[in-house]
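The values are calculated or read from the model by the stated rules, or taken from the named source; none is laboratory data. No experiment lies behind these values; they were computed from the predicted model shown. Methodologically, a virtual Cβ is constructed for each residue, glycine included, from the backbone with ideal geometry; neighbour enumeration extends over all protein chains shown. With ligands, DNA and RNA removed, areas are computed over all heavy atoms of the protein, side chains included. Shrake-Rupley method; radii C 1.70, N 1.55, O 1.52, S 1.80 Å.
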Amino acid sequence: MAYENNNKYAAELYAKQEAEGYFTADPKSTKEHFCMMLPPPNITGSLHVGHAASFMRQDVIARYQRMKGKDVLWLPGTDHAAMPVQMLVEKKLAAEGINFRTLGREGFLKHVWEWIELYGGEIRAQLRRMGFSLDWSREAFTMSPHCNSAVIHAFKKMYEDGLIYRATRMVNWDPAMQTSVSDLEVINSEEAGTFWHIAYPVEDSVEKIVVATTRPETMLGDTAVAVNPDDERYKHLIGKFVILPLVGRRIPIVADAYADMTKGTGAVKITPAHDFNDYEVGKRHNLDEIQVINKLGKICGGFVPALEGLDRFAARAEILKMLTAEGSLVKEAPCTHTVPRAERGNTILEPMITPQWFCDVSKLAAESVAKARSGELKFVPEVWVNTWYSWLENIQPWCISRQIWWGHRVPVYYDAAGKVAYVGDNPPAGLIQDEDSLDTWFSSGLWPLETLGWPDENAVDFKTYFPNQFLGTAHDIIFFWVARMVMMSIYFTGKLPFDTVMLNGMIVDEAGQKMSKTKGNVISPMNLVDEFGIDAVRFAICAACNQNRVNPFGVSNVENARKFLTKLLNGISFWEMKGVASSVGGRYTSCSPACCWILDRMDKMIADADKAMLLSELRFDEYAQNIYHFVWDDFCSTFIEAAKKDMSQTTVEVARFVIGNILKVLQPVAPFIAAELWQKLGFGNDVDLIREGFAEIADLNSIEEEVAEKFALDLEIAAAKAKAEGDKAAAAKELAEIAARIESLNKQLADKLFVSRAKPEVIEARKRSLAEMVERQAALLKV
RNA sequence: GGGUGUUUAGCUCAGCUGGCUAGAGCGCUUCCUUCACACGGAAGAGGUCGGGGGUUCGAGUCCCUCAACACCCACCA
């Protein structure tokens, strides 16, 4: 009998359980409440193996906590994912020959909603296929009318409190998407580039000052050359002026510590409008900020008519040609430098001074740090707390506005004069709304609040389930999401949104490589489910989820899990033949040594399962491996073999008792096969296993424990004897090993320092070990 | 430049507050269609726990140091 793909059965059971409210939380329940939020995946996305692994861990927790007698709310939902969805729909329209801007905001959004209508169902169907025990009756969406009103409420409050403000500052600008992006969305990539040395003639002098740059196109906006005040080479030039080549602008030579004497030529061109550092230098020296690259990434300002309107990179080439022609380009050298690229779309970003909305989170960040320092906010694994501190302690204002259409629109309204006239919901007529939309993470940051009915603080769900007990998510969004939720919760409620955060590692392929489409090593969890069956995939994922930053995973993991399920089915089928389905089942006090032993092992297995599921531990790999080894090694290899030699009705009933507990421990990981067996063996209806109490230990008395220990030792001795009888050479080898071991134990026990300093239990253990060795030696010598 | 993590069998990894002969899965070798299971069973090979130093009766485990790899943050002339 082999484990076969049980997806059809799984789908039916899941549908039944969903329909009958088995996953639905009950605020009225007298049970302890346990709430966690599903990190909302992109509404138009599909389930990748990273989702599967992260959500799988959460499902194991949800199912385990339910069995432990809690009222569990695991709340599902999806995220509107502003930037990716905007890009997708823009692209789709472009393929149809439509420039999305010609549609206008409302027209474009209509297409977005149609797109969501078309593709929004996939991820939800996949979450169901994975068997995740989510409370679908409470499903949320970050762009729902309710979430929109929560966002507006939040914005208004933060605006009125002065945390949100509009300012014209330098931000990272994506010329392709034509929007600002936040610092976190910038990917710094090391790339090969060129250092160009350009000579700027000093006014009224034959001297020239040579500056080095990787971005010559920005020279059109230069308003100074900076040198280090201590730089002997340039000291005499400070306060003088240079004439900017090509442009003819007269710009000062300023002294600023920013100029690094060891870098380039020691003199640096200053373009305050297109470089973050230069922007700061410009502020210090009151320099003009001259914009020479527009929002489309094209040259503007009209300083060199031949370049006007050229793309920034085409302009670079032109400028180099012109500089060469006039002899100003004195040197070029290859170099590697860091290029800021957009996380979405990979466009090279352009620093740009634009008006944007900012959120000042410095105070909230400090409180978030304090909550972690005090231990109120816990991380699993703990190491992440350091990352938490280092980011939050150096936090910068968060640019929350985006110049795209899909997303929550900034709820600020202006009068005809362009002054802010209203902020919030239901604006009076005749005002003009701000064109910007909000960073997706602004609404995601409210997720644990808005999904429970907030801002209505009297909503039943909010009162019952907030704060949540737990959050599990991938570690790469600790800043984007976790930090924002914590800060927003602290701000609006004074409470943490949850007290334990599990940051899981990333699933990589079996060679440890990040999965990517370009590498072609992506594996689809849904394909695996189709091929191997849902329970095998679930078990495999659970067993692969260790606490490392990366979790290698591949088809072989699933094959292995499938073998295990087959082993389990076969082990149970043995007992079915012995009539286990019609037996009573129970924990018998007077049973065979093998029974005592299996109950003892079972107790350890259950205790280990409970330990692995502590919220401070969360060792999913150990949870799965624990079941694996108990079933395979203890229950099948040892217990069944022993029972074959000494079968009785009592043994069958102990077996039934053990099987019942195996199914309970298995339920969180492989719920469908567990439920099917539960019903087949007559324990109850399959739908109900999820509601059973978790496995409980048999709790052997000391006499039973001794019997169990003796059984284990006898097994070992019997195996050694059997081997010795068959193979004299092996017997001799084993005897030699035992003798050596006995000698070393004797030596240690004779060591006065050891005996005086070692802990008594260690000495006891050594003595016991010695006695066992002597017993084994005696047994072998008799052969 | 700052930080974090990793380094244990051919591969992927367990080894918690130091304590019995360092483990698992896969792979490998030999044998076995034994009546639950070949998605199986039995036996076996394979490790100076990254290098060096230290603390200790005792170190894979603690401390120092060096090295390699990975990732994060900052820099971005």
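Solvent exposure of segment A:478-524, expressed per residue, is 38 Å² of accessible area, with all protein chains present and a 1.4 angstrom probe. Solvent-accessible surface of segment A:235-392, taken per residue with a 1.4 Å probe and all protein chains present: 47 Å². Against the empirical 2.2 N^0.38 Å (N residues), segment A:18-76 has a Cα radius of gyration ratio of 1.23.
Taking a sphere under 10 Å around the Cβ of A:Glu676 and counting the other residues whose Cβ falls inside, with K and R at +1 and D and E at -1, yields a net charge of -1.
Pairs spanning more than 18 Å between alpha-carbon atoms, out of A:Lys208/A:Lys235; A:Lys363/A:Lys419; A:Lys156/A:Lys295: A:Lys363/A:Lys419; A:Lys156/A:Lys295. Near A:Thr336: Cβ cut-off under 9 Å, other residues only, Lys/Arg at +1 and Asp/Glu at -1. The net charge is -2.
Solvent-accessible surface (1.4 Å probe) assigned to A:Asp161 amounts to roughly 80 Å².
Restricting to chain A, compute how many DSSP beta bridges are antiparallel as a %, nearest 5. Intermediate results must be reported in sequence, preceding the final value.
Details: 54 of 77 bridges.
That works out to approximately 70 percent antiparallel.
Under 13 Å between alpha carbons, and skipping anything fewer than 8 positions from A:Lys723 in its own chain: which aspartates and glutamates qualify? By straight Cα distance, A:Lys723 reaches A:Glu734. Helix A:534-544 and the longest principal axis of the Cα set of chain A meet at an angle near 80°.
Each pair of Cα atoms in segment A:409-487 enters the Kirkwood radius, and Stokes-Einstein at 4 °C and 1.567 mPa s then converts it into a translational diffusion coefficient of 87 µm²/s. Taking all protein chains as shown and a probe of 1.4 angstrom, A:Arg766 keeps an accessible surface of around 70 Å². Carbon and sulfur: what percent of chain A's accessible surface (1.4 Å probe)? Within chain A, the accessible surface is 52 percent carbon and sulfur. Solvent exposure of segment A:526-674 amounts to 35 Å² per residue of accessible area, where only protein heavy atoms count and the probe is 1.4 Å. Packing around the peptides A:329-337, A:277-285, taken as the average count of other Cβ atoms within 10 Å per residue, puts them in this order, highest first: A:277-285, A:329-337.
Looking at this model, which pairs from A:Lys8/A:Lys567; A:Lys645/A:Lys767; A:Lys68/A:Lys611; A:Lys563/A:Lys710; A:Lys563/A:Lys728 are more than 24 angstrom apart at the alpha-carbon?
Values: A:Lys8/A:Lys567 21 Å; A:Lys645/A:Lys767 33 Å; A:Lys68/A:Lys611 13 Å; A:Lys563/A:Lys710 31 Å; A:Lys563/A:Lys728 36 Å.
Result: A:Lys645/A:Lys767; A:Lys563/A:Lys710; A:Lys563/A:Lys728 exceed 24 Å.
Measuring with a 1.4 angstrom probe and ignoring ligands and nucleic acids, A:Leu103 comes out at about 60 Å² accessible. A P(r) calculated from all alpha carbon pairs of segment A:196-340, with 5 Å bins opening at zero, reads 2, 10, 20, 24, 23, 15, 6, 1, 0 percent.
Based on alpha-carbon atoms only, what is the radius of gyration of chain A relative to the globular estimate 2.2 N^0.38 Å? Walk me through the intermediate numbers first.
On the way: Rg = 34.3 Å, N = 783, 2.2 N^0.38 = 27.7 Å.
With N residues counted in chain A, Rg over 2.2 N^0.38 Å equals 1.24.
Translational diffusion coefficient, Stokes-Einstein: compute it for segment A:47-105 using the Kirkwood radius over C-alpha pairs as Rh, at 10 °C and 1.306 mPa s, and state it as an integer in µm² s⁻¹.
Details: Rh = 14.9 Å.
After rounding, the answer is 106 µm²/s.
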